Amino acid sequence: MSTNVVTKQNNGLSQVLKNRFVQGILASALFLQIGIWVRNFAVLLYVMEMTKGDAFAISMISVAEFAPIFIFSFIGGTFADRWKPKKTMIWCETLSSISVFAVLITLMFGTWKIVFFVTLISAILSQFSQPSGMKLFKQHLSTEQIQLAMSIYQTIFAIFMVLGPILGTFIFHSFGIYISIIITGIAFLLAAAVLLFLPKDLENKNEKKEITLLQEMLDGIKYVKKKKALTLLGLCFMAAGLGIGLIQPLGIFIVTEQLGLSKESLQWLL
């Protein structure tokens, strides 16, 4: 009996991996994670270097990274229901890439402080791209396939939680901030290019056009309030986010001040 279950799971996994949509989404996620982690550590180590470890400047990196999640996530989710998801994701990744190269030009000829916008702009755009990605999963996959595809999708994130800091630190330490930002921009551009090969967006004929954006957002808030599980889950995420926000900026100071190691050693702590 257990052998049959394993066989079915293997067959289901192989079918999911052969799916054109899944292949495109996973390839895009791979390039996106490369860009994000190279960006995160390049900006962190560069700001640390330029400010001689100024605590306020380091904390502003976290603000640039997480403030858009707090401000734009709800708005992005609402727009994701209205816009075509494939087109939204392509535009978001393309604009992220363009903004990265614009920041690079300013960095080369202007002030180094513009580097904060590398994180800020792409973090804002990701709040519109991520909900669209979830919508695409629902459009192109069955319920069983969604579970398998999402598990693979999350595995990519988990792998980069380990390898991302090493990759980002290596690239910055070897090539410096300019090359790091160029790699970030190219990675975002490749993530957008891969999405071009996804199947076309499905037309939703039953979509209600008469509901205003504000009304849709208010309906979403009311729905969450009515569901105790969602309310508690939101509070848990809020508490976890607060904890991460307090802990993350301290990591670099634990490495450099308490352990007496170089800033590049942060990759091994994470």
Open item on the list: Step by step: first the residues of segment 77-117, then only those that are at pLDDT below 85 and not in a helix (DSSP H, G or I), then the one that is nearest to Glu216 (Cα to Cα). Which residue is that?
Closed with: Trp83
Task: Given (1) at pLDDT below 90; (2) in contact with a Leu (Cβ under 6 Å, 6 or more places away or on another chain), index of the condition Ala191 fails - done: (1)
- [ ] Starting from segment 74-101, take each residue that is basic (Lys, Arg) and list its partners that are at pLDDT 85 or above, counting only C-beta distances under 7 angstrom and pairs at least six apart or across chains.
- [x] Lys86/Leu136; Lys86/Leu195; Lys86/Leu198
Task: Contacts under 6 angstrom Cβ, first residue in segment 187-203 being among the acidic types (Asp, Glu), partner in a loop (DSSP other than H, G, I, E, B), 6 or more apart - done: Asp201/Lys84
Task: Selection from segment 223-249 of residues that are without any contact (Cβ under 8 Å) to a residue 24 or more places away in the chain and not hydrophobic (A, V, I, L, M, F, W, C) - done: Tyr223, Lys225, Lys226, Lys227, Lys228, Thr231, Gly234, Gly243
Task: Selection count, segment 234-270, where residues are more than 30 Å from Ile221 (Cα to Cα) and in a helix (DSSP H, G or I) - done: 17
- [ ] Given the conditions (1) at pLDDT 85 or above; (2) under 18 Å from Ile69 (Cβ atoms), report the number of the one that Ser151 does not fulfil.
- [x] (2)
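The values are calculated or read from the model by the stated rules, or taken from the named source; none is laboratory data. Owing to the predicted nature of the structure, the values given are computational and were not obtained by experimental measurement. A quick note on method: Cβ atoms are made from the backbone with ideal geometry, for glycine too, and the neighbour counts reach across all protein chains shown.
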